[in-house]
Amino acid sequence: MAVTLSTRDPDFEVAFQGLLSQSGECGECSMRQLQQSSRNVARRGDAAVIDYTQRFDGVDLTPGNLRLTRAEIATEQPQLQPRW
């Protein structure tokens, strides 16, 4: 079953650590992978996001369709309304 976490949730850190402890990988290994991915996104920007989205989600993004409008977000995920 998929688990959705939001960094905005007050219990995010506890929930995230719990998720890591349930995985077959060690939390330290997962954290290293997360740090490498974060550095890759910081270095390569949208290109890295596009690559990861294809790899993990099987979704083909392009620079032209990477951004969603507020209307698209509201239509697809009304519970994830941005706070802008």
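Residues in the range 55-78 that are in a helix (DSSP H, G or I) and either acidic (D, E) or farther than 17 Å from Q33 by Cα (or both): D57, P63, G64, N65, R70, A71, E72, I73, A74, T75, E76, P78. Cβ-Cβ contacts under 6 Å between residues 6 or more apart (or on different chains), taken from a first residue in the range 7-36 that is within 24 Å of V49 (Cα to Cα) to a second residue that is modelled with pLDDT under 70 and surrounded by 11 or more Cβ atoms within 10 Å (Cβ to Cβ), are listed as L20/G27. Please work out if R67 is surrounded by fewer than 10 Cβ atoms within 10 Å (Cβ to Cβ) and modelled with pLDDT under 85. The answer is yes for R67.
Answer yes if at least one residue in the range 40-52 is aromatic (F, W, Y) and at pLDDT below 85, and no otherwise. No, the range 40-52 contains no residue that is aromatic (F, W, Y) and at pLDDT below 85.
The values are calculated or read from the model by the stated rules, or taken from the named source; none is laboratory data. Only a predicted model underlies this, so the values are computations on that prediction, with no experimental measurement involved. Because the Cβ atoms are built from the backbone with ideal geometry, glycine has one as well, and the counts that use them run over all protein chains shown.
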